[in-house]
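What follows draws every value from the coordinates through simple rules; no lab data is involved. A quick note: this is a predicted structure, and the numbers were derived from the prediction, not measured. Quick reminder, even Gly has a Cβ in these numbers, built from the backbone with ideal geometry, and neighbours come from all protein chains shown.
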Amino acid sequence: MASDYILETEGLTKEFRGFVAVSDVSLKVARGSIHGLIGPNGAGKTTCFNLLTKFLPPTRGTIHYEGRDITGMKPAEVARLGLVRSFQISAVFPHLSVLENVRVALQRQRGGSFDFWRTESLLKQYDERAMALLEDVGLTPWARLTAGELPYGRKRALEIATTLAMDPQMMLLDEPTAGMAHDDVDRIVALVKRVSAGRTVLLVEHNLKVVAGLCDTITVLTRGRVLAEGDYGTVAKNPEVIAAYLGTEAHTVTEGVPA
């Protein structure tokens, strides 16, 4: 019988030459939920993401995904298991079209062969699925546009489309609304809600309005440690969270004003 938790860590720790970036983090992410990871700058959020997706090896601790110990695995191995991340800085091929960006991601289905040099006719086999993914993220009208010409918010939507092309069971999104205007933020929030159907999402996010509107559960990190966990209403009223995350009054937290 499958566990209620798709991802679990125990005692996860990362040290850099004596500096402890992540300390004894035990995390449980419920299957099918949207789980937020928040905290002030330097709290260890992105380091934690890098540990979970194997871009960094832990100093101590274990990571289990779908009941399987993935602590010693490589990034490509965990991606093939269905644990796929996006990055804080938009990562697209700027000189390829929007459609071609998604098509490249879909080539993973060939077993990891990225066929830039294949004929156009052979690559067109991916077009139908790529267009369906672009429709999912609202980018169909821009399919033939060069990705570098997209405004920032739509580049992030494209990145989510390429992440979806990997057919993840669990998506890790690193600050998906960072640097966006209000309209783009609303668009990405709606997009994350839509693509989370049938998946689990773990996201790092600074914008507390986004966190409040999206997340079922929130884990607050400070100085690499878990400070608090619960739904938004619970963590927003926690005096330690108010002091550590915002350093301001309780009403500011409950209104969701970002730090």
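Report the equivalent ellipsoid semi-axes for the chain in whole Å, largest first, defined as the square roots of five times the eigenvalues of the gyration tensor built from alpha carbon atoms. Could you put the intermediate results ahead of the total?
Numbers: eigenvalues 203, 99, 48 Å².
So the equivalent ellipsoid measures 32, 22, 16 Å along its semi-axes.
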Open item on the list: Ratio of alpha-carbon Rg to the 2.2 N^0.38 Å globular estimate for the range 1-84, to two decimals, please.
Closed with: 1.06
- [ ] Name the most mobile residue of E128, E66, E100, meaning the one with the largest mean-square fluctuation, in a Gaussian network model of the chain with Cα contacts below 10 Å.
- [x] E128
TODO: Output the peptides 137-146, 168-177 sorted from most to least packed, where packing is the average of other Cβ atoms within 10 Å over each peptide's residues.
DONE: 168-177, 137-146
- [ ] Please report the relative contact order for the chain, taking Cα pairs under 8 Å with a sequence separation of at least 6, and give it as a percent rounded to a whole number.
- [x] 25 percent
